[in-house]
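Working notes for the structure below.
The values are calculated or read from the model by the stated rules, or taken from the named source; none is laboratory data. Because the structure is predicted, anything quoted here is derived from the model rather than measured. For neighbour counting, all protein chains shown are included, and Cβ atoms are generated from backbone atoms with ideal geometry for every residue, glycine included.
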Amino acid sequence: MATLNTTTGTLDADACYPALLARDARFDGRWFVGVTSTGVYCRPICRVRTPKRENCRFFGSAAQAEARAFRPCLKCRPELAPKSDETRWSAMDASRTLARQAAAWLDACDDAEASVEQLAAVIGVSSRHLRRIFAAEHGVTPLQYLQTRRLLLAKQLLTDSALPIGDVAHAAGFASLRRFNAAFAEHYRMQPTALRKEGRAQPDEGTTVLRLAFREPYDVGGVLAFLQARAVPGVETVDVANAVVQRTVSVVHAGKVCSGWLRADFGRRPGQVWVEPSPSLWPAVGTLLPLLRRWLDLDADPQGIALALGEGATPGQRLPGCTDRFELAVRAVLGQQVTVAAARTLAARFVERFGAPLADAPPGADRLFPSAARMSAEPSERIAELGIIRRRADSILEIARRWPELRYASGLGSADDAVAELQGIAGIGPWTAHYMLMRGWSWPDTFPPGDVALRKALGHSEETPLSPKAYLAAAERYRPYRSYAVLHLWRT
């Protein structure tokens with residue numbers, strides 16, 4: 001990986017320029033190149049004529065490039081690039097983990113008046129300390145990072161959607177159209193209306209979709225087969241043959257609940273998934289986008305994962321996440337000590353009784369999974385009547401009632417603390433807590449204790465039994481991608 005020149009704030013050109021010449025897709029989203037002769041920054045895969053080496057400045061993020069007054073390329077569209085791989089969190093020190101979590105919070109920030117002080121309070125550190133660790137990790141201030149994220153989202157919406165410009169400004173997180181126009185003109189040296197005319201997608205590509213890029217290879221069939229086996233009727237439908245998944249979604253954006261459905265299609269263009277949200281979700285697209293990327297694990301590093309998993313690994317192995325942590329938590333509890341098919345049946349009953357119907361939605365994705373707030377007032381008898389063990393019904397209700405205070409719900413803090421907190425809920429053991437982190441937090445390096453299938457895959461037999469300590473020791477070879485190893489071993 002290229003090293004940072006602390007004097008210039010740029011990456012080592014000797015390491016980056018050969019990859020730029022080769023248009024090496026492995027580095028897409030890991031760094032960007034600013035071209036001094038044009039004032040534009042591009043992805044490493046950009047198909048325009050390669051600039052001269054002396055005109056290139058390499059940056060570790062789009063925010064760093066924009067902080068140096070480069071504007072995004074209209075051809076390769078930096079806003080579509082996969083994000084830099086964040087799956088090394090588990091191997092980082094506490095400060096780096098906090099800086100990455102602060103960036104994740106900013107990615108989903110829907111408060112037009114967000115401040116460093118507000119973020120510091122959420123993270124649990126002083127604003128001064130936050131600025132220091134954030135700049136050390138990301139090379140820019142938190143507000144510079146947030147401004148770049150909002151402008152790139154607006155650029156994507158101007159190009160790929162038919163939203164009115166005022167709605168684009170609101171969806172991207174700007175407090176007013178005037179502020180949006182001023183920021184856009186200052187940073188990109190053009191008006192939003194001019195970009196819409198110049199950069200709009202071609203009619204045959206569609207203009208009402210979100211195009212989300214990922215690094216290839218991507219095991220589309222494996223991801224969709226995993227989701228299909230667990231798809232809850234009414235909430236989610238999966239068509240593996242046509243590489244399409246549809247599901248219902250509820251998100252809170254700017255203090256308002258936005259509910260709808262979406263369709264994700266992997267078959268439109270290599271290296272991209274095209275997502276069509278329902279009209280009701282477009283205003284919340286700023287909150288929706290990071291959820292989609294985690295749900296489909298679009299920012300993973302396939303080469304690093306393959307190296308960790310070793311021989312026999314499926315190329316492009318991914319770790320499917322979730323669009324709703326409460327939904328994942330409930331389904332994890334329902335899946336305790338039963339087959340995947342049985343858990344799906346219980347979840348279907350749960351949704352049929354407590355989920356709200358969604359109007360104007362496609363068949364099979366026309367019912368919302370019940371929220372924590374909806375379930376917190378229910379008696380456990382109503383859940384147990386569905387054939388769900390009373391102890392599990394009580395666990396679901398305790399999760400719902402404690403939801404606002406749970407670390408797991410916020411996605412912030414230490415994974416170990418979140419696991420310990422979850423295990424403090426009656427009926428949730430180590431396996432369930434680790435599974436919830438693995439898919440609810442998209443945590444890359446956890447290994448559910450005591451899993452029967454994993455024990456067998458790691459060499460457990462009656463003749464050579466594995467102790468709990470030996471079981472975890474055998475999984476060490478897969479660090480820092482043990483969560484990916486779980487799916488790999490389940491598969492084999």
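Quickly run through segment 260-271 and pick out the residues that are closer than 23 Å to Pro78 by Cβ and buried (at least 20 other Cβ atoms within 10 Å of the Cβ).
The answer is Ala264, Phe266.
Of the residues Glu86, Glu79, which is over 24 Å from Ala136 (Cβ atoms) and either in contact with a strand residue (DSSP E or B) (Cβ under 9 Å, 6 or more places away or on another chain) or at pLDDT below 95 (or both)?
Glu79
Return only the number of the condition from (1) modelled with pLDDT of 95 or more; (2) in contact with an Asp or Glu (Cβ under 6 Å, 6 or more places away or on another chain) that Val223 does not satisfy.
Only one criterion in (1) modelled with pLDDT of 95 or more; (2) in contact with an Asp or Glu (Cβ under 6 Å, 6 or more places away or on another chain) is unmet by Val223, namely (2).
Only one of these conditions is not met by Thr237: (1) assigned to a strand (DSSP E or B); (2) not assigned by TED's automatic domain parsing to the domain that holds Asp297. Which number is it?
It is condition (2) that Thr237 fails.
Conditions tested, residue by residue: (1) at positive phi; (2) surrounded by 21 or more Cβ atoms within 10 Å (Cβ to Cβ); (3) in contact with a Cys (Cβ under 9 Å, 6 or more places away or on another chain); (4) not assigned by TED's automatic domain parsing to the domain that holds Ser250.
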position	(1), (2), (3), (4)
Pro283	no, no, yes, no
Asp299	no, yes, no, no
Gly304	no, no, no, no
Gly335	no, no, no, yes
Glu385	no, no, no, yes
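Hey, can you tell me all the residues within segment 454-470 that are within 18 Å of Thr492 (Cα to Cα) and surrounded by 12 or more Cβ atoms within 10 Å (Cβ to Cβ)?
Just the residues of segment 454-470 that are within 18 Å of Thr492 (Cα to Cα), to begin with: 454-461.
Matches in segment 454-470: Leu454, Arg455, Lys456, Ala457, Leu458, Gly459, His460.
Could you count how many residues in segment 36-70 are of a type in the set (D, E, K, R), touching a Ser or Thr at 6+ places or on another chain (Cβ under 9 Å) and either more than 23 Å from Gln144 (Cβ to Cβ) or assigned by TED's automatic domain parsing to the domain that holds Gln147 (or both)?
Within segment 36-70, the first condition is being of a type in the set (D, E, K, R), and the residues that meet it are 43, 47, 49, 52-54, 57, 66, 68.
Retained after the next criterion (residues that are touching a Ser or Thr at 6+ places or on another chain (Cβ under 9 Å)): 52, 54, 57, 66, 68.
Keeping just the survivors that are either more than 23 Å from Gln144 (Cβ to Cβ) or assigned by TED's automatic domain parsing to the domain that holds Gln147 (or both) gives 52, 54.
Total satisfying the criteria: 2.
Rundown of residues vs (1) over 16 Å from the mean Cα position of the chain (by Cα); (2) closer than 17 Å to Leu212 by Cβ; (3) of a type outside the set (D, E, K, R), yes/no style:
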residue	(1), (2), (3)
Thr248	yes, no, yes
Val251	no, yes, yes
Ser259	yes, no, yes
Ala264	no, yes, yes
Gly267	yes, yes, yes
Gln272	no, yes, yes
Asp297	no, yes, no
Ala300	no, yes, yes
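Inside segment 239-259, can you point out the residues that are among the aliphatic types (A, V, I, L, M) and either within 17 Å of Leu289 (Cβ to Cβ) or buried (at least 22 other Cβ atoms within 10 Å of the Cβ) (or both)?
Those that are among the aliphatic types (A, V, I, L, M) and either within 17 Å of Leu289 (Cβ to Cβ) or buried (at least 22 other Cβ atoms within 10 Å of the Cβ) (or both): Val245, Val249, Val251, Val252, Ala254.
Please go through segment 30-46 and pick out each residue that is in a loop (DSSP other than H, G, I, E, B), at pLDDT 95 or above and not hydrophobic (A, V, I, L, M, F, W, C).
Residues satisfying the conditions are Thr36, Ser37, Thr38, Gly39, Arg43, Pro44.
Return the only residue of Arg455, Arg439 being basic (Lys, Arg), in contact (Cβ under 8 Å) with a residue 40 or more places away in the chain and either outside any helix (DSSP H, G or I) or in contact with a helix residue (DSSP H, G or I) (Cβ under 7 Å, 6 or more places away or on another chain) (or both).
Arg439
Within segment 171-187, can you find the residues that are surrounded by fewer than 20 Cβ atoms within 10 Å (Cβ to Cβ) and assigned to a helix (DSSP H, G or I)?
Leu177, Arg178, Arg179, Asn181, Ala182, Ala183, Ala185, Glu186, His187
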